Amino acid sequence: NRVSRCRLMKKAKGSTLTEVVIVAGILSTVSLAFLGTFAVISKFHEKNLRAIKAGLLAEEGMEAVRIIKGRDFNTLSTLAQSGPSTPQYLEVSPSTWNTTTTPEVVDNLYYRYFVVSPAYRTVDSDPTQSSAGNTLDPNTVYVDVTVEWLWRNATTSNSYKAFMTNL
């Protein structure tokens, strides 16, 4: 009787060690799965943060162009005459925004520029970018502010576009 009790106790001790090893294996597998999921979520989070910041930089760029327009519409009008393919950049002085031909890089990641194009009016007086059959409006320009950045070796961009009128 006593011998059978000892055998049961030895068997119980061995099975407890086996259970601990199995549970440790299951926990480590589940932990690795959570870490993998966390890594994927972190990459999505980083991508979204960059996109949000780019959107804010594009919006800030549009506001800067509005400030330039408010100070002197002729600055934008002259840029529109130089052609829509000429990118311009922004620089901030102690008191206001200015245009420059020096590329603007924000946080060593975001490349911000804007393009000013001539605007036209349709027969219904609606603003348009198309010159086909439309009349050039010297008091309106089309502005496209774009922010580009690299994400996984591909260029991603965010832009704001608007017609601006000399009032």
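No lab work stands behind these numbers, since they all come straight from the coordinates. Model, not experiment: these values are computed from the prediction. Because the Cβ atoms are built from the backbone with ideal geometry, glycine has one as well, and the counts that use them run over all protein chains shown.
Data for the structure
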item: The chain: most fluctuating residue of T18, T78, T86 per GNM, C-alpha cutoff 10 Å; result: T18
item: Listed residues L32, L76, L90, most fluctuating in the chain (Gaussian network, C-alpha, under 10 Å); result: L32
item: Sites K43 and V21, calculated FRET efficiency, Cβ-Cβ separation with R0 30 Å, nearest 0.05; result: 0.35
item: Overall dimensions of region 46-87 by Cα: Rg and Dmax, Å; result: 13.7, 40
item: Alpha carbon centroid spacing (whole Å) that separates region 80-156 from region 33-67; result: 22
item: Computed magnitude of the charge dipole of region 18-117 (debye, nearest 20; Cβ of K, R +1, Cβ of D, E -1); result: 180
item: Taking the convex hull of Cα positions in the chain, its mean projected area over all directions (nm²); result: 18.2
item: Between helix 2-71 and the chain: long-axis angle, C-alpha atoms, 0 to 90°, nearest 10; result: 10
item: Gain on full stretching of the segment that runs from N153 to I67 - 0.36 nm per residue minus C-alpha separation; result: 27.5 nm
item: Ratio Rg/Rh, restricted to region 78-122 and using Cα atoms, in which Rh is the Kirkwood radius; result: 1.07
item: Relative contact order (percent, whole number), the chain, Cα cutoff 8 Å, 6+ residue spacing; result: 18
item: Reach of K53 by Cα under 14 Å, taken over aspartates and glutamates that are not fewer than 8 positions away in the same chain; result: D107, E148
item: Enclosed volume per residue, in Å³, of the convex hull spanned by Cα atoms of region 32-113; result: 109
